Amino acid sequence: MVDLLFKEEISPFTNYIQHFKTPDPAFTSRIHDIIKQESSKYLDITEAWKEYDLLDTWEYKEIKELRDLFEAALEHYLNSRGLKSTYHKLQSWCNIRGRTSRHPAHIHAFTSIVLNYYVSTPKGSGIVFHNPVKAMSYIEWADKYAPFEYTIWAEPGMLLASPGWVVHEVPYTSEEGDRVSISVNVVDLEVSYV
């Protein structure tokens, strides 16, 4: 079993982003090897990720362990808010982005919580979160004190948890190499109080 360490709650705007880390670089390396092996089966890599069920269909011990890490991060995220899941589903897929690839600002519609595990991160691999309060410019203090966006620089083994409604984007990286991550949408979430 791979350990998952809670590092910090990141509070650029509100307390909604949690940062975890897997302390075993060999685990992350094995996940990267599996992704390379699986992605080599497709001429067009986008064909590989249409079903959003990577955690359920890739039959590797490490992928099962990764699913357990996602479940542990979800449990911690909810518990820190006095909640526990009574039911949820995980939709999962892999992201492979080269230096010339980016993902513009977006949300994860119909998603309670988004979990991202970073596998390979060339220099300049970041995720930019946009401040939801800044969109409400009539709030005077927001214009003076709140930053418009907050960048988290990804590193291999990092796992982030955030609400699906938070606008975020993936900018270009600053050096060659693929930026590889596995994403999970937590959907159909039902909770109760702890």
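The values are calculated or read from the model by the stated rules, or taken from the named source; none is laboratory data. Please read these numbers as outputs of a predicted model, since none were measured by experiment. Cβ placement follows ideal geometry from the backbone for every residue including glycine, while neighbour counts extend to all protein chains displayed. Surface areas here come from the heavy atoms of the whole protein model, side chains and all, with no ligands, DNA or RNA. Shrake-Rupley method; radii C 1.70, N 1.55, O 1.52, S 1.80 Å.
Any residue in the stretch 143-172 that is small (G, A, S) and at pLDDT 90 or above sitting within a Cβ distance under 8 Å of a residue that is crowded, with 17+ Cβ neighbours inside 10 Å and assigned to a helix (DSSP H, G or I)? List the pairs, counting only those 6 or more apart or interchain.
That search, which allows pairs on different chains as well, returns G157/F27; G157/T28; A161/A73; A161/L74; A161/Y77.
Residues S137, S181: which one is buried (at least 16 other Cβ atoms within 10 Å of the Cβ), among the hydroxyl-bearing types (S, T, Y) and either in a loop (DSSP other than H, G, I, E, B) or at pLDDT 85 or above (or both)? Spell out how you get there, then give the answer.
Numbers: S137 fails: buried (at least 16 other Cβ atoms within 10 Å of the Cβ).
Going through S137, S181 in turn, the sole match is S181.
Give the residue, chosen from H108, H88, that is part of a strand (DSSP E or B), open to solvent by less than 70 Å² (accessible area, probe 1.4 Å), over 20 Å from V2 (Cβ atoms) and touching a strand residue (DSSP E or B) at 6+ places or on another chain (Cβ under 6 Å). Let's see the steps before the verdict.
On the way: H108 fails: part of a strand (DSSP E or B).
The unique qualifying residue is H88.
Out of E47, E62, which single residue is modelled with pLDDT of 95 or more and either open to solvent by 50 Å² or more (accessible area, probe 1.4 Å) or not hydroxyl-bearing (S, T, Y) (or both)? Break it down stepwise before answering.
Details: E47 fails: modelled with pLDDT of 95 or more.
Just a single option satisfies the conditions, and that option is E62.
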